[in-house]
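Comments concern the structure below.
The values are calculated or read from the model by the stated rules, or taken from the named source; none is laboratory data. Keep in mind it's a predicted model, so treat the numbers as computed, not measured. Neighbour counts are summed over all protein chains in view; Cβ atoms, including those assigned to glycine, are modelled from backbone coordinates with ideal geometry.
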Amino acid sequence: MEDKIVSMKIDQAVVTSVLQKQIQAAIVANLGGEKDLIAKAVTVALDKKVNADGCVSKYSSDNRYDYLEAVCSKAIRETTKKAVQEWLEKNCEKIKKAVLAELNKPRRAQSIAKSFADSVEKSVSCSWATNVNISFAKRKNDDD
């Protein structure tokens, strides 16, 4: 009787893949399960200290906000800016009329004139002066 040995060849990539998945599953199990791991990762990410723009600054003193706080604050500011811009566009003519009415009041005309006069006086009384000299010289031609 002849003893025959059975030979099986298993691809190394399959073995590596199976081992990696088993190791990952063991790590997740030791960390408290997949749900706990995800919850911890989310908590860490949202509690990360960032600057007002939501980015981690290289200066630790700038990182005063939780990520969630910075992102929400930025979104609120952007939304508010858009709402104000829309309101201004809709009410542009009303605002223009109100500004013109204010500028046409006698006391406002006096304050504008005073501001203009003060600015002219400050520019004239400035201790710095600019000197500009312009001189003309005859060009030397090759023919002369």
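General observations
- Sub-7 Å Cβ pairs linking a first residue in the range 62-85 that is under 19 Å from Val42 (Cα atoms) to a second residue that is in a helix (DSSP H, G or I) and not small (Gly, Ala, Ser), at least 6 apart or interchain, are Asp66/Leu46; Asp66/Asp47; Tyr67/Leu46; Leu68/Leu46, ordered by first then second residue.
- Every condition in (1) farther than 30 Å from Lys49 by Cβ; (2) surrounded by 10 or more Cβ atoms within 10 Å (Cβ to Cβ); (3) of a type in the set (D, E, K, R) holds for Arg139 except the one numbered (2).
- Flag if Ile27 is at pLDDT below 75 and over 30 Å from Glu69 (Cα atoms): no
- Selection within the range 52-65 - exposed (fewer than 15 other Cβ atoms within 10 Å of the Cβ) and charged (D, E, K, R): Asp53, Lys58, Arg64
- Flag if Gln85 is assigned to a helix (DSSP H, G or I) and under 24 Å from the mean Cα position of the chain (by Cα): yes
- The set of residues in the range 88-119 that are among the charged types (D, E, K, R) and part of a helix (DSSP H, G or I) comprises Glu89, Lys90, Glu93, Lys94, Lys96, Lys97, Glu102, Arg107, Arg108, Lys114, Asp118.
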